[in-house]
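Since the structure comes first, as structure tokens, the remarks are kept for the end.
All of the numbers you see were taken from the coordinates with simple rules; none came from a lab. The shown structure was predicted, so the numbers you read here are calculated from the model rather than taken from an experiment. Methodologically, a virtual Cβ is constructed for each residue, glycine included, from the backbone with ideal geometry; neighbour enumeration extends over all protein chains shown.
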Amino acid sequence: MNFQGLAAALVTPVDAQGAVDEAGLRRVVRHVVAGGVDVLVALGSTGEAATLVDEERDQVIRVCLAEAQGRPVVVGTGSNSTRQTEVWTRRAQELGAAGALVVTPFYNKPTPEGLLAHYAAVAAAAPGLPLILYNVPGRTGLNVSPTTLQRLWENPQVVAVKESSGNMAQIGEIARCLPPGKLLLSGDDNLALPSIAVGAAGLVSVLGNALPAQTRALVEAGRAGRREAALSWHQALLPLMDALFLESNPIPLKALMEQLGLCGAGVRLPLVPAKPETRQRLAEALRPVRERDPRQV
């Protein structure tokens, strides 16, 4: 399965009563597909997966599969419990997911040996399903070092890493030691271009929910080695990328999606909606790039 290029880490819209807004989710998926994303990633951090119950998870997965138009759908299945991760990964496979995004167990802080055993158990629970390891130490409290990752690559089902450490030295080292057939994916919009420059094969994007065509233009130019075009898009989109993290993701993203008329700004507790000053910054950063032609340099 090819997970290269632009992946959208999809939001999960909720309505005024806090229920999953299925119509809004369909609208978002159709928007990103029309914008040219290569891969759909449901139930990740951006999708507020930690706040959803099992029935809602199934609902989100089914909607994404129905609206994907042939794009691979990757489902976030990670938990701090290996047993729960096994259950969710097996279920994603049963429903037709092309792969699972498996975050490193949070809170527990497993040793490297624990990580190896965790991913081995998850792979055994869903034989043949490609796994994307998700390294996001800012949320989990645990960083997967390049040395540990080299051991994890020995698991044939671990086919890619979504690297969200924010550490370019580490990203460069992962790329330098990347085994044949494995993929490095940037997990941070603002580091997509430098990550691609050192060897990343794509981006799992937050901004791609809102401006998929423009984000794709950045990723495509970077991967094709068109330096001027890639740099132009990076510089144009960077203020908006930064504004999306003024508050915890996906609070600002939901506010931006509302400004674009794609879904409501509601989030689930313990998150709360964006502050007025965040909304203002988003509007200011959006204005110069909203109508920019993705074919432009």
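Remarks
- With the cut-off at under 20 Å, measuring from each backbone N in the stretch 166-202 to a point 7 Å along the Cα-to-Cβ line of E228 picks out 193-194, 197.
- Simple spin-label estimate for Y107 and A169 in nanometres, 7 Å along Cα-Cβ: 3.2
- Per-residue Karplus couplings for the stretch 108-121, computed as 6.51 cos²θ - 1.76 cosθ + 1.60 with θ equal to phi - 60°, are listed in order as 5, 6, x, 6, x, 5, x, 5, 4, 5, 4, 5, 5, 5 Hz, Gly and Pro entered as x.
- Sorting 251-257, 77-83 by their mean Cβ neighbour count within 10 Å, with the most densely packed peptide first, gives 251-257, 77-83.
- Normalised by the number of residues in the chain, the average gap of Cα pairs under 8 Å and 6 or more apart makes the relative contact order 19 percent.
- Note on the stretch 25-77: Cα Rg divided by 2.2 N^0.38 Å, N the number of residues, gives 1.06.
- Least to most buried among Y107, Y134, Y119 (fewest other Cβ within 10 Å first): Y107, Y119, Y134
- DSSP bridge analysis restricted to the chain gives an antiparallel fraction near 5%, rounded to the nearest 5.
- Peptides 244-250, 221-227, 186-192, ordered by how many other C-beta atoms sit within 10 Å of their residues on average, highest first, read 186-192, 244-250, 221-227.
- For the stretch 1-50, convex hull volume per residue from C-alpha positions, Å³: 79
- Proximal lysines to K254, defined as alpha-carbon separation beneath 24 angstrom and excluding residues fewer than eight positions away on the same chain: K162, K275
- Cα centroid separation - the stretch 152-186 against the stretch 1-69, whole Å: 25
- Along principal axes, Cα extents of the stretch 45-186, largest first, whole Å: 39, 32, 27
- Report note on the peptides 202-213, 121-132, 282-293: ranked by the mean count of other C-beta atoms within 10 Å, highest first, their order is 202-213, 121-132, 282-293.
- Listed from fewest to most Cβ neighbours within 10 Å, the set M168, M241 follows the order M168, M241.
- Computed over neighbours whose Cβ is under 13 Å from that of D38, the net charge equals +2, Lys and Arg +1, Asp and Glu -1.
- Every pair of different Cα atoms in the chain enters the Kirkwood calculation, which places the hydrodynamic radius at 19.0 Å.
- Per residue, the average separation of C-alpha pairs within less than 8 Å and at least 6 apart gives the stretch 158-286 a relative contact order of 16 percent.
- Ranked list, fewest to most other Cβ atoms within 10 Å of each Cβ, for H234, H31: H234, H31
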